[in-house]
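Presented below is the structure to which this report refers.
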Amino acid sequence: MASLNVYSALVVLFLTCGATLATKENDQIIIETNCETKMGLPCVLEAFTSIFETGSISNKCCDELVGLGKFCHSALVKRTLENPLFEDLTPATIIAKSIQTWNNFLALIDSPSPSA
C-alpha cells in the first residue's frame with residue numbers, strides 16, 4: 001500500500017511540477033495538445049508503473065494511452081526524465097521501454113479480438 005502512495009505522489013509530481021523543469025519543446029507539445037487531461041489518474045499510474053518500474057497495464061488503460069497519442073506519450077516521458085527526482089534512471093533505457101510499451105499497446109489494439 002505504501003508503494004501505491006509513492007507512485008501516486010510521483011504521478012502527481014509528474015503531472016504538476018515537471019512543467020517548470022521541462023524543455024520548451026516538451027512543454028509546448030503538452031500544453032498545445034492538452035496532454036495532461038487525456039488520461040484518468042488510475043491509468044496514468046498504470047502507465048507510469050509500466051514504464052518507470054515493473055508493472056502491467058490493463059486493456060482499458062492501454063486504450064487511454066493510445067488515445068493520448070504518441071506525441072503526448074513521448075513528451076510526458078521525456079519531461080519526467082528531466083525531473084531531478086529521476087536523475088538515477090538511465091534515459092536511454094526508459095525511452096526504449098517507453099517505445100516498447102507504446103508498440104505493444106498498438107499491437108494489442110490492432111490485433112483482432114477472439115470470437116466468443
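Quick one: net charge around Cys43, please, counting Lys, Arg +1 and Asp, Glu -1 for every other residue with C-beta under 11 Å from its C-beta.
-1
Where the convex hull is taken over the Cα atoms of the range 19-110, what is its projected area averaged over directions, in nm²?
Spelled out: convex hull of the Cα atoms, projected over all directions, averaged, 5.6 nm².
What FRET efficiency would be calculated for the residue pair Phe86, Asp110, taking the C-beta separation as r and a Förster radius of 35 Å, to the nearest 0.05?
Rounded to the nearest 0.05, the efficiency is 0.70.
Quick note: the coordinates plus some simple rules give every number you see, no bench work behind them. Values in this document were obtained by computation on a predicted structure and should not be read as measured data. Please note: Cβ atoms are built from the backbone with ideal geometry, for glycine as well, and neighbour counts cover all protein chains shown.
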